[in-house]
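The values are calculated or read from the model by the stated rules, or taken from the named source; none is laboratory data. Note that the structure is predicted; figures quoted are calculated from it, not measured. Cβ placement follows ideal geometry from the backbone for every residue including glycine, while neighbour counts extend to all protein chains displayed. Each accessible area value is taken on the protein alone, full model and side chains, heavy atoms only, with ligands, DNA and RNA left out. Shrake-Rupley method; radii C 1.70, N 1.55, O 1.52, S 1.80 Å.
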Amino acid sequence: MSNETFVIVGAGLTGTRAVEAIRDGGHEGPLILVGSETSLPYDRPPLSKAVLAGTVAPDSALLHPAEWYAERRVDLRLGVRATRLDPDRHTLTLDGHDELGWDRLLIATGSSVRRLDVAGADLMNVLYLRTAAQSNVLRDRLSSGGSVVIIGAGWIGLEVAAAARGHGCKVTVIEPQQTPLHGIVGAEIGQYFVDLHTAQGVTFRLNDGVERLVGDGAVTGVITTSGEHLPADTVLVGVGISPNTRLAENAGIEVDDGILCDQSLHTSAADVFAAGDVATWFNPTLQQQMRVDHWANAHDGGFAAGRSMLDELVDYDVVPFFFSDQYDSGLEYTGHVPRGAPTRLVLRGHPTDNAFMAFWLAEGRMLAGMHVNVWDTLDDITTLIKSGATLDPRLLADPRHPLINSPTVA
């Protein structure tokens, strides 16, 4: 294996972490990193947080300087698009004509934003946020002030709302569900986010949608499904993402809401692996097939895939994790609640205090937990999730009792 050629398709966090694992694991052969963007690999969370707020320079999101890749003998192919993968011949076609041979290949192509499909969606200043270039454009728009309408009250929508208010913009958020993040955290915690943003001057249009966008060349307003006209100098669309599976699909690799992988991140094709947003893998800890499009999965999954490419025995068994910063509120969430699964919400503290913990239980077992402005508890929450223990909700809700070694029911 020492002389084999390893190729990574996708020059983001996942791909860069795979580089670390491969070189740290002792592989000396050729290592090629292919990315469609011209920029060096960068981190995405700052794009909707500090970079968008203007508190740090865009270059601060770069994962490593160019010298780092040179020292690890990484053949960087940036600004190049992988157009065809042939698992049988072990070839990858770049930009439609340049064929590259490989022995082991990782697909880390990430995801793309879902586009808004209404009249006027192609007007100027209707923006999306996924790439560094998009973050720079949006930051410039926000810094000029004016009215901003955000379509979608997910994590991106809420973080952009906070950044926009920091720039002094008038902000309205449209969300078809009854609260922000309703499908993830439920109505009660969703209301916490309504209250948090309303206190900062954000206006919500809940249980509403978008009929069309209006303007002459550039957007000037949003017509909601309820018939309201919302003036808008800038519109930010945050209605979710879709995994970039086309390369795998066209190669005959099994796909189901992501590239299907086993617990070692092997795909259905020999010598082909997948990780990050694009992968749906079997999680041996949670005993289910899952796809996670948050930073920690890219960070941990990329490294695990790199080690798996080295034929190391890998069980990618992490408990999903993500974080968010909005105004003076910082939160961390770990675990996974299957969409539509019935759960019981247990609170330790109260959201009105702006410092609390929330736990989601099913049949007494913890599926997920979150803390807001309460720190150093995530390891304990993760331990409880992994334990599968039946928990006493009364003790779990009582801050006088430690999370570990106290709330278990005999």
Q | Residues of segment 42-96 that turn out to be in contact with a strand residue (DSSP E or B) (Cβ under 7 Å, 6 or more places away or on another chain) and on the phi > 0 side of the Ramachandran plot, as a count | A | 4
Q. When you go through 83, 109 one by one, which is the residue that is over 30 Å from residue 236 (Cβ atoms) and touching a Gly at 6+ places or on another chain (Cβ under 6 Å)?
A. 83
Q: Can you work out which of the residues in segment 231-241 that are within 17 Å of residue 116 (Cβ to Cβ) and part of a strand (DSSP E or B) is farthest from the chain's Cα centre (by Cα)?
A: 234
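Do you know which residues across segment 1-38 are farther than 15 Å from residue 109 by Cα and open to solvent by 10 Å² or more (accessible area, probe 1.4 Å)? Write out each step before concluding.
If we filter segment 1-38 for residues that are farther than 15 Å from residue 109 by Cα, which is where we start, we get 1-6, 20-31.
Within segment 1-38, 1, 2, 3, 4, 5, 20, 23, 24, 25, 26, 28, 30 qualify.
For residues that are in contact with a helix residue (DSSP H, G or I) (Cβ under 8 Å, 6 or more places away or on another chain) and hydrophobic (A, V, I, L, M, F, W, C), scanning just segment 226-247, find the one that is modelled with the highest pLDDT.
We begin by selecting, within segment 226-247, every residue in contact with a helix residue (DSSP H, G or I) (Cβ under 8 Å, 6 or more places away or on another chain); these are 233-234, 236, 238, 241, 243-245.
Checking the rest, the ones that are also hydrophobic (A, V, I, L, M, F, W, C) come to 236, 241.
Details: 236: 98, 241: 95.
Checked segment 226-247; the qualifying residue modelled with the highest pLDDT is 236.
Please go through segment 242-258 and give me each residue that is assigned to a helix (DSSP H, G or I) and without any contact (Cβ under 8 Å) to a residue 60 or more places away in the chain, ordered by number. Lay out the reasoning, then the answer.
Pass one, segment 242-258, residues assigned to a helix (DSSP H, G or I): 246-250.
Hits for segment 242-258 are 246, 249.
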Q) Pick from 143, 147, 135: which is touching a strand residue (DSSP E or B) at 6+ places or on another chain (Cβ under 8 Å), within 25 Å of residue 218 (Cβ to Cβ) and polar (S, T, N, Q)? A) 147
Q. Taking strands (runs of 3 or more DSSP E) that fall entirely within segment 259-331, which contain at least 1 residues that are open to solvent by 50 Å² or more (accessible area, probe 1.4 Å)?
A. 279-283, 288-290, 321-326
Q) Restricting the search to segment 55-86, which residues are open to solvent by 50 Å² or more (accessible area, probe 1.4 Å) and modelled with pLDDT under 95? A) 55, 56, 57, 58, 59, 60
Q.
Of the residues 228, 254, only one is open to solvent by 20 Å² or more (accessible area, probe 1.4 Å) and under 24 Å from the mean Cα position of the chain (by Cα); which?
A. 254
Q. Residues of segment 287-317 being in contact (Cβ under 8 Å) with a residue 60 or more places away in the chain and over 21 Å from residue 155 (Cβ atoms), which ones?
A. 303, 304, 305, 306, 307, 309, 310, 311, 312
Q: Kindly establish whether residue 303 is among the aromatic types (Phe, Trp, Tyr) and out of contact with any Phe, Trp or Tyr (no Cβ under 7 Å at 6 or more places or on another chain).
A: yes
Q: Report the residue count in segment 332-350 for those that are in a loop (DSSP other than H, G, I, E, B) and of a type in the set (Lys, Arg).
A: 1
Q) Does segment 102-113 include one or more residues that are closer than 30 Å to residue 306 by Cα, in contact with a strand residue (DSSP E or B) (Cβ under 8 Å, 6 or more places away or on another chain) and of a type in the set (Lys, Arg)? A) yes
Q) Is segment 42-64 home to any residue that is within 18 Å of the chain's Cα centre (by Cα), assigned to a loop (DSSP other than H, G, I, E, B) and free of Cβ contacts under 8 Å to residues at least 60 places away in the same chain? A) yes
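Any idea which residue in segment 335-360 is farthest from the chain's Cα centre (by Cα), counting only those that are of a type in the set (Gly, Ala, Ser) and surrounded by fewer than 16 Cβ atoms within 10 Å (Cβ to Cβ)? Step through it out loud before you land on a result.
Narrowing segment 335-360 to residues of a type in the set (Gly, Ala, Ser): 335, 340-341, 349, 355, 358.
Remaining after also requiring surrounded by fewer than 16 Cβ atoms within 10 Å (Cβ to Cβ): 340-341, 355.
Details: 340: 20, 341: 21, 355: 24 Å.
Among those that are of a type in the set (Gly, Ala, Ser) and surrounded by fewer than 16 Cβ atoms within 10 Å (Cβ to Cβ), it is 355.
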Q) Hey, any hits in segment 370-388 for a residue that's in contact with a Pro (Cβ under 9 Å, 6 or more places away or on another chain), at positive phi and open to solvent by 30 Å² or more (accessible area, probe 1.4 Å)? A) no
